[in-house]
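Engineer: Sending over a structure as structure tokens; questions will come in a sec.
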Amino acid sequence: MAQRMSYGKVVLGGLLAGAVLGVSQGLLHDNVWVGLVMGVLGGTVLAAGLRRSLGSTALRGLDRGRRRAVSRAMRRGEPVEDPRLARPLVDQVDAVLATPFPVKTMRVVFALLCLLGLVVMVLGFADEGAAGLLGGSPLVVISLLMVFVVLPLGQRQRERIRRSQEATRERHLTSSGDDR
């Protein structure tokens, strides 16, 4: 099956995300332990969430140009031109779409984080004046960016990936009888 994992990519992605999150949280809170705990938790969550799409072996055995052709077709929502790349594209899309993308849940979480940031800003203003507004503002800005920019972009990209898979199946796999 094309879902066997390549743990190296998953671990590397988790380590990078954990390091960035840990350093930023450690600097923000001026506490090494907060940074360490947040880095480990954030990296673990990211690695667990991306293990299916990063661990996919659908493109294994393809050279760099063919991998690029499959990725380009997926990104644009188009079918691949080469019929030999149809099965790898379909398998890679299956792996990517198997990764959950619960939009409603993420909106609620980011709305709650935005609310938390606003509460921190109000309490900071009451305690320290205008300088206290800076405490929760990064959380508010990041939450708003996630809700209004990142989530819609993610939804559109997933739709393009689905279109690419459907178009590739129609063009190359249904006529040859190679569809599962």
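The values are calculated or read from the model by the stated rules, or taken from the named source; none is laboratory data. Keep in mind that this is a model prediction, so the values were computed, not measured. For neighbour counting, all protein chains shown are included, and Cβ atoms are generated from backbone atoms with ideal geometry for every residue, glycine included. SASA here: full protein model, heavy atoms, side chains in, ligands and nucleic acids out. Shrake-Rupley method; radii C 1.70, N 1.55, O 1.52, S 1.80 Å.
This table checks each residue for (1) among the acidic types (Asp, Glu); (2) touching a strand residue (DSSP E or B) at 6+ places or on another chain (Cβ under 9 Å); (3) surrounded by fewer than 12 Cβ atoms within 10 Å (Cβ to Cβ); (4) in a helix (DSSP H, G or I).
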{"residue": "PHE101", "(1), (2), (3), (4)": "no, no, no, no"}
{"residue": "THR105", "(1), (2), (3), (4)": "no, no, yes, yes"}
{"residue": "ALA111", "(1), (2), (3), (4)": "no, no, no, yes"}
{"residue": "MET121", "(1), (2), (3), (4)": "no, no, no, yes"}
{"residue": "GLU128", "(1), (2), (3), (4)": "yes, no, no, yes"}
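Engineer: Any residue at all in the range 85-94 that is of a type in the set (Lys, Arg), modelled with pLDDT of 90 or more, open to solvent by 30 Å² or more (accessible area, probe 1.4 Å) and out of contact with any Leu (no Cβ under 9 Å at 6 or more places or on another chain)?
Structural biologist: no
Engineer: Considering each residue of the range 62-99, count those that are part of a loop (DSSP other than H, G, I, E, B) and within 24 Å of GLN155 (Cβ to Cβ), and give that number.
Structural biologist: 5
Engineer: Just give me the residues in the range 7-24 being at pLDDT 80 or above and over 17 Å from the mean Cα position of the chain (by Cα), in sequence order.
Structural biologist: GLY22, VAL23 - these are the residues of the range 7-24 that are at pLDDT 80 or above and over 17 Å from the mean Cα position of the chain (by Cα).
Engineer: To continue, here is another question. Are any residues in the range 34-68 open to solvent by 30 Å² or more (accessible area, probe 1.4 Å), modelled with pLDDT of 80 or more and of a type in the set (Gly, Ala, Ser), and if so, which ones?
Structural biologist: Matches in the range 34-68: GLY61, GLY65.
Engineer: Further question on the same structure: List, please: which pairs have Cβ atoms under 7 Å, are six or more places apart or on different chains, and start with a residue in the range 56-70 that is free of Cβ contacts under 8 Å to residues at least 24 places away in the same chain and end with one that is open to solvent by 30 Å² or more (accessible area, probe 1.4 Å)?
Structural biologist: ALA69/ASP82
Engineer: Condition first: among the β-branched types (Val, Ile, Thr) and exposed (fewer than 12 other Cβ atoms within 10 Å of the Cβ). Now tell me which residues in the range 130-150 satisfy that.
Structural biologist: Of everything in the range 130-150, just one residue is among the β-branched types (Val, Ile, Thr) and exposed (fewer than 12 other Cβ atoms within 10 Å of the Cβ), namely VAL149.
Engineer: Looking at the range 40-49, is at least one residue in a helix (DSSP H, G or I), among the small types (Gly, Ala, Ser) and under 21 Å from GLN165 (Cα atoms)?
Structural biologist: No: the range 40-49 contains no residue that is in a helix (DSSP H, G or I), among the small types (Gly, Ala, Ser) and under 21 Å from GLN165 (Cα atoms).
Engineer: Identify the single condition in (1) more than 19 Å from the chain's Cα centre (by Cα); (2) modelled with pLDDT under 90 that VAL80 does not satisfy, given that it satisfies every other one.
Structural biologist: For VAL80, the exception is condition (2).
Engineer: Scan ALA73, ALA98 and give me the residue that is over 30 Å from LEU28 (Cβ atoms) and under 16 Å from the mean Cα position of the chain (by Cα).
Structural biologist: That would be ALA98, the only listed residue that is over 30 Å from LEU28 (Cβ atoms) and under 16 Å from the mean Cα position of the chain (by Cα).
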